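S.K.: One structure, pasted below without further comment.
The values are calculated or read from the model by the stated rules, or taken from the named source; none is laboratory data. This one's a predicted model, so the numbers in the text were calculated from it and none came from an experiment. Quick reminder, even Gly has a Cβ in these numbers, built from the backbone with ideal geometry, and neighbours come from all protein chains shown.
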């Protein structure tokens, strides 16, 4: 496989992945609308890189940690 064929194949794979992600989002929305699943909110911690931060500012790392709510698709148990 030469350079051009490789680049074309990579572009095709990217398009397939995008189509599958779009389909997944549509199916998840449909499942939520039908009551078969829920979007549950979870808190995610966003933190600076711990190793670097402890090296640069060892006593202040925790004050830069933040929480962000994230929705996760959760199927209902049957």
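S.K.: Hey, any hits in segment 26-39 for a residue that's at pLDDT below 80 and either surrounded by 11 or more Cβ atoms within 10 Å (Cβ to Cβ) or part of a helix (DSSP H, G or I) (or both)?
M.R.: No.
S.K.: Next up: Just to be sure I understand, how many residues within segment 40-78 are surrounded by 11 or more Cβ atoms within 10 Å (Cβ to Cβ) and in a helix (DSSP H, G or I)?
M.R.: So the answer is 4.
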